[in-house]
Amino acid sequence: MATADFEAVSTSIKQMEHRMEQIAALKAHLLRILEAINQSFPDMQYITSYARADSITRKSPAELKALRQAGLNHLYSGMKTGSDRILKLINKGFDADTVVKSGCMAKEADMILSEFILLGIGGKELSEENAVQTAKALNTIQPNFIRVHATGIKPESRLGEFVRDGSFTLQSEEEIVVGVCQVFCVSYKKKFIGEGNLPFCTTEHFYKPLY
């Protein structure tokens, strides 16, 4: 192995070791926070945290269960969509497999799970894919809560550029409502409505696009 290659590998290992130390320190820090909350508020029934899908999958099942036993019993996870193409389009940083795996891991750790989805995030071009693939992911995860948001696009963002060049077409509020029906009344009913077990769903304010 050339000296330069050896140094590159050595640097990579050191970075990995540093990252593992950071993860271990963060876990201990979270456990201390949960312990302090429980001591200060002994009647506390729910402790909730936001959690990215890839943050969940970086933890082992044992680590998630330890957090659950320490009192962290409700996770808010912003999956946004179940479509790989759309997740890549918005540069989310993970794929649909990670979305599904993270959701299932949270449920297996006996945590309450709220998944956040975005309607309109695929534009008119990928609206059907957004609905079908999101329903498919939710069917597998079976979260306790589904929270629905509409998409607001900042002009200076990458999606804003796509809107300007015509490759991304914004949906109207009526089309977004159709998207809700596609997710919850077509594909999603196979697992939940058909079994009489539809999770509680809230539709947040429809944020108008900034255009």
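The values are calculated or read from the model by the stated rules, or taken from the named source; none is laboratory data. Computed from a predicted structure; not experimentally measured. FYI the Cβ positions are ideal-geometry reconstructions off the backbone, even for glycines, and counts take in every protein chain you see.
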Asn73 being polar (S, T, N, Q) and either touching a His at 6+ places or on another chain (Cβ under 6 Å) or touching a residue at least 60 places away in the same chain (Cβ under 8 Å) (or both): no
Among residues of the stretch 94-103, those that are of a type in the set (A, V, I, L, M, F, W, C), assigned to a loop (DSSP other than H, G, I, E, B) and within 17 Å of Glu129 (Cβ to Cβ), counted: 0
Residues located in the stretch 92-105, provided they are touching a Lys or Arg at 6+ places or on another chain (Cβ under 9 Å) and among the small types (Gly, Ala, Ser): Gly93, Ala96, Ser102
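Restricting the search to the stretch 84-123, which residues are among the hydroxyl-bearing types (Ser, Thr, Tyr) and buried (at least 24 other Cβ atoms within 10 Å of the Cβ)? Before the answer, list the steps.
Here is the first cut: in the stretch 84-123, the residues among the hydroxyl-bearing types (Ser, Thr, Tyr) are 98, 102, 114.
Hit for the stretch 84-123 is Ser102, nothing else.
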Helices (runs of 4 or more DSSP H) (entirely within the stretch 1-93) containing at least 3 residues that are over 18 Å from Ser114 (Cα atoms), at pLDDT below 95 and among the charged types (D, E, K, R): 3-40
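Going by the conditions given, is Ile90 hydrophobic (A, V, I, L, M, F, W, C), touching a residue at least 60 places away in the same chain (Cβ under 8 Å) and farther than 18 Å from Val177 by Cβ?
Working: hydrophobic (A, V, I, L, M, F, W, C): yes; touching a residue at least 60 places away in the same chain (Cβ under 8 Å): yes; farther than 18 Å from Val177 by Cβ: yes.
It is true that Ile90 is hydrophobic (A, V, I, L, M, F, W, C), touching a residue at least 60 places away in the same chain (Cβ under 8 Å) and farther than 18 Å from Val177 by Cβ.
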